[in-house]
Amino acid sequence: MFNTNTLREITIELTNLCPQACEFCSSLAGKDSSQLSSSAVESIIHEARDLGVVNVAFSGGEPLLCNDIVHFVELTSKLGMKPHIYSGGIVYTNNNQRASVSYDLIKSLKEAGVHKIYISIHASSDHIHNTLSGFDGNYGLVTETFYRMTRANIQVGIHFVVTKKNYKEIENVAVSFFDLGAVDIKPLMLVFQGRAKHKEASLGLSMEDQEELLKLISKLRETYDSKINVGCAWKRVLQNRTPRETTISECKLGKSVLSIKANGDVVPCAAHKFYAVGNINYTSLSAIWKNINPAQILSIDNDECFSRQTSHS
């Protein structure tokens, strides 16, 4: 046994099915309907509680296409953990048309005890968002989902994946959607894996782009404080840029977080989906966690999270 740390956060990718085709999708989600079984997810949730997990995030693919999503949210909440959802904000109708999330499903999620839902919005204009997400009309559908969720008094955050094509949009997205009721925005550093693999030239930031982006993030953090919800990788590069960025947040890799893919692979972080430490279909979550060697896991990081936004002139 290597790991004596307490697992605090897990992300469960319920399915790879998704109505969108985002250029940077790390899960290669789309028409692939592979998914975790309901019994596997229930076991994960129960084991998570026993391991000391506080936050359970349901992701995908599109997690709202999972028939049992309301049940999983309710179970997580009843076991004393906080259920979060990361959604693209678009689902399929019964005749396979892309649509905004229905009021009925939103109401059910609210009643089941969802803590917060993050909606992926990557620009403040339809052209850039639609280009990045793969289909015309996506921006209108996802913003309608956002409005419906805020009207239902659900805490809604914005998930914003940073690329060369949209990094200048982050300020407009923050200002616009905070005014509309978003509780925070999570800028996500692009990792060149999944559908983004080999797209460094078209999606990666140049050194000049990176510098401009960091200035934008610092400015937003000064204005909105923790509503600009940056993780440990951002905090490393933002350190000492502003008076409030004075401490380095320790990487949680191998120490308190895990992600579980739709095929059952368990990976130490969503930024490292190429590095499986086990598979939930063959080994329990508890056994996988306890047999992780944190020192070995941390060696794959080496403070490279931000530098993975590879420089391209």
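The values are calculated or read from the model by the stated rules, or taken from the named source; none is laboratory data. If you're wondering where the values come from, they're calculated on a predicted model, not measured in any experiment. We place every Cβ from the backbone using ideal geometry, glycine too, and count neighbours over all the protein chains shown. Side chains included, ligands, DNA and RNA excluded: accessible areas come from the protein's heavy atoms. Shrake-Rupley method; radii C 1.70, N 1.55, O 1.52, S 1.80 Å.
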Does region 282-313 hold any residues that are assigned to a helix (DSSP H, G or I), surrounded by 19 or more Cβ atoms within 10 Å (Cβ to Cβ) and at pLDDT below 75, and which are they? ILE297
Output for Cβ contacts, cut-off 9 Å, separation at least six or different chains, first residue at positive phi in region 172-185, second part of a helix (DSSP H, G or I) and among the aromatic types (Phe, Trp, Tyr), reads GLY181/PHE146; GLY181/TYR147
Search result, residues across region 2-25 that are within 24 Å of MET81 (Cβ to Cβ) and open to solvent by 30 Å² or more (accessible area, probe 1.4 Å): THR4, ASN5, THR6, ARG8, GLU9, THR11
Could you please let me know if THR76 is of a type in the set (S, T, N, Q) and surrounded by fewer than 23 Cβ atoms within 10 Å (Cβ to Cβ)? no
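Let me confirm something: among VAL142, VAL114, VAL162, which residue is in contact (Cβ under 8 Å) with a residue 24 or more places away in the chain, out of contact with any helix residue (DSSP H, G or I) (no Cβ under 7 Å at 6 or more places or on another chain) and among the aliphatic types (A, V, I, L, M)? Before you say what the answer is, go through the steps one by one.
On the way: VAL114 fails: out of contact with any helix residue (DSSP H, G or I) (no Cβ under 7 Å at 6 or more places or on another chain); VAL162 fails: out of contact with any helix residue (DSSP H, G or I) (no Cβ under 7 Å at 6 or more places or on another chain).
Going through VAL142, VAL114, VAL162 in turn, just one is in contact (Cβ under 8 Å) with a residue 24 or more places away in the chain, out of contact with any helix residue (DSSP H, G or I) (no Cβ under 7 Å at 6 or more places or on another chain) and among the aliphatic types (A, V, I, L, M): VAL142.
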Would you check which residues across region 6-60 are small (Gly, Ala, Ser) and not in a helix (DSSP H, G or I) and list them? ALA21, SER26, SER27, ALA29, GLY30, SER33, SER34, SER37, GLY52, ALA57, SER59, GLY60
Given (1) closer than 29 Å to VAL156 by Cβ; (2) in contact with an Asp or Glu (Cβ under 6 Å, 6 or more places away or on another chain); (3) modelled with pLDDT of 75 or more, ASN279 misses just (1)
Lone unmet requirement of (1) at pLDDT 95 or above; (2) buried (at least 17 other Cβ atoms within 10 Å of the Cβ); (3) closer than 23 Å to TYR282 by Cα for SER37: (2)
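Residues checked against (1) touching a Phe, Trp or Tyr at 6+ places or on another chain (Cβ under 9 Å); (2) within 19 Å of GLN155 (Cα to Cα); (3) surrounded by 18 or more Cβ atoms within 10 Å (Cβ to Cβ):
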residue	(1), (2), (3)
VAL54	no, yes, no
GLY80	no, yes, no
PRO83	yes, yes, yes
ASN95	no, no, no
ALA99	yes, no, no
LEU109	no, yes, yes
HIS115	no, yes, no
TYR118	yes, yes, yes
HIS127	yes, no, no
How many residues are β-branched (Val, Ile, Thr), at pLDDT below 60 and either open to solvent by less than 40 Å² (accessible area, probe 1.4 Å) or in contact with a Phe, Trp or Tyr (Cβ under 8 Å, 6 or more places away or on another chain) (or both) when one looks only at region 238-269? 1
Is it the case, given these coordinates, that PHE72 is at pLDDT 95 or above, touching a helix residue (DSSP H, G or I) at 6+ places or on another chain (Cβ under 8 Å) and assigned to a strand (DSSP E or B)? no
